[in-house]
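Asks: Before anything else, here's the structure in question.
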Amino acid sequence: MSIDLNRELNTNDVIWNLGDLYPAPDSGLIDEDRERASRLADSLAAEFRGRVATLDDQGLERLVSGLEEVNVLLGRLSTYAYLNFATRVDDPEAGAFLQSVKEFSSELGARLVFFDLEWAAVDDASAERLLQSPRLSRYRHYLEAARRYRPHLLSEKEEQLLLMKAPVGRSSWINLFEKVMAAQRYGEGKTQEEILSLLYSPDRETRRQAASQLTKGLKEQLHVVTHTMNTILADKMIDDRLRNYPTWISSMNLANELDDETVESLVSAVTSSYSVVARYYRLKERILGISPLYDYDRYAPLPFVPEETFPWSKCREIVLDSFSRFSQRMAEIAALFFQERWIHAPVLPGKTSGAFAHPAVPEVHPYVLVNYTGNFRDIETVAHELGHGVHQYLAREQGYFNSSTPLVLAETASVFGEMLTFSRLMEMVEDPGEKLGLLCSKIESIFATVFRQIAMNRFEDAIHNQRRSKGELSAEELGDAWIETQQAMFQDSVILTDDYRVWWSYIGHFLHTPGYVYAYAFGELLVLSLYSMYKKGREGFVELYLELLKAGGSRSPYDLMAPFGIDLRDPAFWHMGLGVIEEMVEEAERLEKETVG
């Protein structure tokens, strides 16, 4: 199926060129960079270990710039190894190469961990004097942010031990999960991407069968994934205990440079608005004429949605046009991804599912992976990932340490790009019924990003806390937590079948980055507010927005939002974004009356 689909959509040749990183996995340049990174790490350790507290601004600049150089080399190696693996997760050689790079990175990390510990131990007055030096202005935020981990750092020997064991710890279990899921087939040999796409079929029996086949395939691997999940839960429990984090989510909040109260405010605002979800699905039930709705009906397209399939060239045209209407600079950067082969688009066996944008290193450029199947939803996915790509490209000028944006703001550019493209798609459709169909599709996409992600956050909250209080969790207990937190979102508008109990098991975010999912809701609600400012003609908005992207992670989320007049600590801010979603549901109800009567 994949081969025919790729031929039809003209994506067979949309393969990224990893040669901008390294010519091949066996390239001598890889060995050279490994040796260079190792020598530099040894040199830095020999010169500076035990002396960080005595350094002046010039010495600290030399040390930090050297550390950045090592991290750039490791980042280049890690990026290449991961991207090479992402399109061939069933290839033992690709897996072995990735593992070797992880082990090498951990080894060097152990040699250099002295800096994190010694810099954190510098007294506040001395640190502040150094941070005020113009010589260190480039690294000011990086150095400030590094000190926020002071209460959670261990001794040097302990940190080294954890780093050395990391490649055979959580990351190894994640690799196993990726390999198992990539190899698993559903129904008559379908990949996960292919079976999930059938849940969007207009034919209810096709959706029901796809749900049944997905469930059957997931159950075949449930014992492996359940054990993997428990291992990840236990690993985080132990790590949090060692580092004195008060809750399972505290380390993620700290990484995102957010206080716990901000995140709690977001979660509370979204869960208190679950009635909007039920309201929409009752509308969808009326439009489809199906009662009741089951879990496999959630993504059923409305009868008014055009069933058009878009070849890759048309997708490119739509996305670049939508970006250029906002900013020509944004469109020019996005065009590079198409022109320079920075995208991998076809659906292929052994390719990881979903989509992502990888920042690589500032000296190269970002890469984007999608699994393009040609529908409206996929066009928005391409726009989403290219939003990330533009953000990562613009932030390169901040250097390696400051280019990486906190996760909660990393989704801002991607969701904004999605909104621009959605508006363009709506303009292309003239029929009121088709507009209703596209609007409902967008509402469901926003639900998936806001309400579903917070419901998944509630699932994570439940299982992390249960693992800490009760011990290892069975597949049944994981299923109970999944059903309970999902049903709370749908209320009585959708019936979740018993099959749905195992659908938590294919969601990689729970393993890759525990606690990550609320960042999607954060980004979506933030973008809805920003996009509203843009549509209302906020003076200088485009320039402010591009400056936000250029800033990368050089300032905290609170500081980065200040030019827009946004206070992330204010609960009213989150309700503002949720109000925009409710308005979209109201508009859909209005169109439904006009279209259906």
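The values are calculated or read from the model by the stated rules, or taken from the named source; none is laboratory data. All values reported here derive from a predicted model rather than from experimental measurement. Reconstructed Cβ throughout: ideal geometry from the backbone, glycine too, with neighbour counts over all protein chains shown.
Asks: In segment 469-489, what residues are surrounded by 13 or more Cβ atoms within 10 Å (Cβ to Cβ), farther than 21 Å from residue 278 by Cβ and of a type in the set (Gly, Ala, Ser)?
Replies: Of everything in segment 469-489, those that are surrounded by 13 or more Cβ atoms within 10 Å (Cβ to Cβ), farther than 21 Å from residue 278 by Cβ and of a type in the set (Gly, Ala, Ser) turn out to be 475, 479.
Asks: Continuing with the same structure: Looking at this structure, is residue 135 in contact with a helix residue (DSSP H, G or I) (Cβ under 8 Å, 6 or more places away or on another chain) and surrounded by 15 or more Cβ atoms within 10 Å (Cβ to Cβ)?
Replies: When the stated conditions are applied, residue 135 does not pass them.
Asks: Take the residues in segment 281-309 that are part of a loop (DSSP other than H, G, I, E, B) and of a type in the set (A, V, I, L, M, F, W, C), then tell me which one is modelled with the lowest pLDDT. Give the derivation first.
Replies: To start, the set of residues in segment 281-309 that are part of a loop (DSSP other than H, G, I, E, B) comprises 289-293, 298-309.
Retained after the next criterion (residues that are of a type in the set (A, V, I, L, M, F, W, C)): 290, 293, 300, 302, 304-305.
On the way: 290: 92, 293: 96, 300: 92, 302: 84, 304: 76, 305: 70.
Taking the candidates together, the pick is 305.
Asks: Follow-up. Just one of the numbered conditions (1) touching a strand residue (DSSP E or B) at 6+ places or on another chain (Cβ under 7 Å); (2) surrounded by 18 or more Cβ atoms within 10 Å (Cβ to Cβ) is not true of residue 297; which one?
Replies: It fails just one condition, (1).
Asks: Given the criterion under 20 Å from the mean Cα position of the chain (by Cα) and β-branched (Val, Ile, Thr), identify the matching residue among 495, 463, 446.
Replies: The match here is 446.
Asks: Could you check residue 264 against (1) buried (at least 18 other Cβ atoms within 10 Å of the Cβ); (2) part of a helix (DSSP H, G or I) and say which number it fails?
Replies: (1)
Asks: Okay, moving on. Output the residue which, of all residues in segment 507-535 that are assigned to a helix (DSSP H, G or I) and among the hydroxyl-bearing types (Ser, Thr, Tyr), is surrounded by the fewest Cβ atoms within 10 Å (Cβ to Cβ).
Replies: 532
Asks: Only residues that are at pLDDT 90 or above and part of a loop (DSSP other than H, G, I, E, B): list them for segment 141-186, please.
Replies: Selection gives 184, 185.
Asks: Let me ask another. When you go through 81, 96 one by one, which is the residue that is under 30 Å from residue 346 (Cβ atoms) and surrounded by 20 or more Cβ atoms within 10 Å (Cβ to Cβ)?
Replies: Every option except 81 fails the conditions.
Asks: Moving on to the next point. Say we look at segment 541-571 and pick out the residues that are of a type in the set (Lys, Arg) and not in a helix (DSSP H, G or I); which of these is modelled with the lowest pLDDT?
Replies: So, considering only residues that are of a type in the set (Lys, Arg) and not in a helix (DSSP H, G or I), the one modelled with the lowest pLDDT is 569.
Asks: For segment 138-189, enumerate the residues that are exposed (fewer than 15 other Cβ atoms within 10 Å of the Cβ), aliphatic (A, V, I, L, M) and in contact (Cβ under 8 Å) with a residue 60 or more places away in the chain.
Replies: The one that is exposed (fewer than 15 other Cβ atoms within 10 Å of the Cβ), aliphatic (A, V, I, L, M) and in contact (Cβ under 8 Å) with a residue 60 or more places away in the chain: 183.
Asks: Which of the residues belonging to segment 556-597 are under 19 Å from residue 451 (Cα atoms), surrounded by fewer than 18 Cβ atoms within 10 Å (Cβ to Cβ) and either touching a Gly at 6+ places or on another chain (Cβ under 7 Å) or of a type in the set (Gly, Ala, Ser) (or both)?
Replies: 572, 579
Asks: Mind telling me which of the residues 100, 65, 78 ends up being closer than 19 Å to residue 138 by Cβ, part of a helix (DSSP H, G or I) and either within 32 Å of the chain's Cα centre (by Cα) or touching a residue at least 40 places away in the same chain (Cβ under 8 Å) (or both)?
Replies: Details: 100 fails: closer than 19 Å to residue 138 by Cβ; 78 fails: closer than 19 Å to residue 138 by Cβ.
Checking each option against the conditions leaves just 65.
Asks: Among the helices (runs of 4 or more DSSP H) confined wholly to segment 366-445, which include 2 or more residues that are among the aliphatic types (A, V, I, L, M), out of contact with any strand residue (DSSP E or B) (no Cβ under 9 Å at 6 or more places or on another chain) and buried (at least 22 other Cβ atoms within 10 Å of the Cβ)?
Replies: Counting at least 2 such residues, we get 376-394, 407-428.
Asks: When only residues in segment 204-247 that are of a type in the set (A, V, I, L, M, F, W, C) and over 17 Å from residue 478 (Cα atoms) count, which is surrounded by the most Cβ atoms within 10 Å (Cβ to Cβ)?
Replies: 214
Asks: In addition: Determine which single condition residue 538 fails, assuming it passes every other condition in (1) among the basic types (Lys, Arg); (2) under 23 Å from the mean Cα position of the chain (by Cα); (3) not in a helix (DSSP H, G or I).
Replies: (2)
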